[in-house]
Amino acid sequence: MTVTIVGAQLGDEGKGGIVDLFGDAADVVARYQGGDNAGHTVVHQGEEYKLSLVPSGAIRGKVGVLGNGCVVNPRTLFDELDTLRDRGLDPDVRVAERAHVILPYHRVLDGIEEEVKSETDDEVGTTGRGIGPTYEDKAGRRGVRVGDLLDSDVLRDRLEYVVPQKRALVEDVYGLDVADLDDPDAFDVDALFEEFREFGRRFEDDDMTVVAGEFLTAASEEGQNVMLEGAQGTLIDIDHGNYPYVTSSNPTAGGAAVGTGLSPGLVGGGEIIGIVKGYLTRVGSGPLPTELGGVVGDTPGYEEQGEGDDEELATYIREEGGEYGTVTGRPRRVGWLDMPMLRHATRVSGFTGLAINHLDVLAGLDEVKVGHTYTLDGEEMHTIPSTTEQWQACEATFRTFDGWDDGDWAAIAEEGYEALPENAQAYVEYIEDELDTPAYAIGVGPNRDEAIVRQRPF
Ligand code: GDP
Ligand code: IMO
Ligand code: MG
């Protein structure tokens, strides 16, 4: 069977930790979208691993697959694999031949476009990893796929077609000189060919490439457990998220079928777990109706640090939760839980279960608030509107819960749900009721033994 892990909010909900927790029973862990814009944290035997491309299950010796829906930067992939090997692990990662390759010019173009947009304060705040430009080329039928790296003639043909276009984009559209860029080789066919053909040889020598759909379907038919690890989150999904402040792929559950080649029936017949952070964080721009305080440069219209009403509370939660970007180190914007957002996420992906994380971070507060509904133009809304402008205009209507005390979270996790402070239980049950979905796990700390497990999906 399959278990699909989906971020229910804006990324960084603690997906890596839950993949690790439930992935114990998995044989294969596959990613289905995104690339090295992800930052998934797994704590294993007291060691912290931050993975941007390698599926989280690889830490525990599971077979990891990067599905056809992923965009793969071989530089990052091999760096990450080498680092894991230096730390004594033996990751087994396969890469879909149909996955697209992030080339150096994609990163450069990601940077240039953000720079241009920032002149009018329209930048997305991307991770700068070249994700958007690579998916653009995929849709534009000018991408380079992992399978193309295995054949010299094909790779050279692809590069000879596309690189002059990228050069022209830089020079004729953006008015820059390629020679002045930090990485002029990023636009040089010969240099690219040499480096990426060598990656192709390494993929071949290490027997790393697969036809993901065939590989995963066969594993499933043999009775193996397949976990599908989403990156990012529902509200930054290119279709169901807050366009244009989104990533360029589909982190929602439908993406798990398209991005792996497993049939929708197979994925839909399994479990789909929505990962919820007990409050809200966002890296990058876009609306956030339940935001506390703000982060200059990311929060729209927020000019000076310290001006928000709830700045102190935001800082407290940011520090307690270590809310700084795993990939970029940027401070994350912080807000209260947003139920219209979660109702939307639950509908889009059809969650069969939830994991609600970070309840320990909220411990010690007198009260905890939740954006229960929104008001837009005098009307009450239970879910999010479809445009960014309308969402920006939504005002949250809050519900207030009594806070709970800090505790020995590992002991509480071991004892089980009944040991969770009563007020925290009330909070969990409110979320379950509103979403009509049971919480399979409750995260009360970053370590694996700091999760209350009520039901295992495998
Ligand atoms: P992901 O991108 O969804 O995998 O999440 P990240 O790894 O980017 O961010 C989640 C952070 O919170 C990591 O540092 C985790 O170790 C940590 N974390 C996960 N679950 C919990 C939890 O329940 N409580 C606390 N305090 N930290 C958690
Ligand atoms: P994980 O998997 C949080 C955000 C970026 C930016 C937008 C587009 O760790 O949850 P991109 O580089 O993808 O083109 O950036 O998406 N973003 C994330 N935010 N967690 C992530 O991944 C993210 N990956 C991308 O901050 O706003
Ligand atoms: Mg992350």
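Within segment 319-346, the set of residues being in a helix (DSSP H, G or I) and within 16 Å of ligand 3 (Cβ to nearest atom) comprises G321 only.
The single condition from (1) part of a loop (DSSP other than H, G, I, E, B); (2) among the aromatic types (F, W, Y); (3) within 13 Å of I18 (Cα to Cα) that W404 fails is (3). Note on segment 326-346: among residues that are among the small types (G, A, S) and modelled with pLDDT of 90 or more, the one that is surrounded by the most Cβ atoms within 10 Å (Cβ to Cβ) is A345. Scanning segment 388-401 for residues that are in contact (Cβ under 8 Å) with a residue 24 or more places away in the chain and out of contact with any strand residue (DSSP E or B) (no Cβ under 6 Å at 6 or more places or on another chain) yields T388, W391, Q392. Checking each residue in segment 422-458 for being without any contact (Cβ under 8 Å) to a residue 24 or more places away in the chain and under 27 Å from V43 (Cα atoms) picks out only Q425. For segment 121-131, the criterion of being part of a helix (DSSP H, G or I), of a type in the set (G, A, S), within 22 Å of the chain's Cα centre (by Cα) and outside the structural domain of N37 (by TED's automatic domain parsing) is met by none of the residues.
Out of the residues in segment 241-293 that are farther than 23 Å from L313 by Cβ, of a type in the set (A, V, I, L, M, F, W, C) and not in a strand (DSSP E or B), which is farthest from ligand 2 (Cβ to nearest atom)? Of everything passing the filter in segment 241-293, L266 is farthest from ligand 2 (Cβ to nearest atom).
Residues in segment 47-78 that are assigned to a loop (DSSP other than H, G, I, E, B), without any contact (Cβ under 8 Å) to a residue 40 or more places away in the chain and under 21 Å from R201 (Cα atoms): L53, V54. Among the residues of segment 59-71, those identified as of a type in the set (A, V, I, L, M) and crowded, with 24+ Cβ neighbours inside 10 Å are I59, V65, L66, V71. Selection within segment 32-46: residues that are surrounded by 18 or more Cβ atoms within 10 Å (Cβ to Cβ) and assigned to a strand (DSSP E or B). The member of this set that is farthest from ligand 3 (Cβ to nearest atom) is V43.
The lone criterion from (1) in contact (Cβ under 8 Å) with a residue 12 or more places away in the chain; (2) within 23 Å of the chain's Cα centre (by Cα); (3) outside any helix (DSSP H, G or I) left unmet by L176 is number (2). Restricting attention to segment 28-39, does a residue exist that is in contact (Cβ under 8 Å) with a residue 12 or more places away in the chain and on the phi > 0 side of the Ramachandran plot? Within segment 28-39, one or more residues are in contact (Cβ under 8 Å) with a residue 12 or more places away in the chain and on the phi > 0 side of the Ramachandran plot.
To keep it simple, each residue is scored yes or no on (1) touching a strand residue (DSSP E or B) at 6+ places or on another chain (Cβ under 8 Å); (2) surrounded by fewer than 15 Cβ atoms within 10 Å (Cβ to Cβ); (3) at pLDDT 95 or above.
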site	(1), (2), (3)
T127	no, no, no
R156	no, no, yes
D172	no, yes, yes
F203	yes, no, yes
D206	no, yes, yes
T209	yes, no, yes
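The values are calculated or read from the model by the stated rules, or taken from the named source; none is laboratory data. This structure is a prediction, so every number in the text was calculated from the model and none was measured. For neighbour counting, all protein chains shown are included, and Cβ atoms are generated from backbone atoms with ideal geometry for every residue, glycine included.
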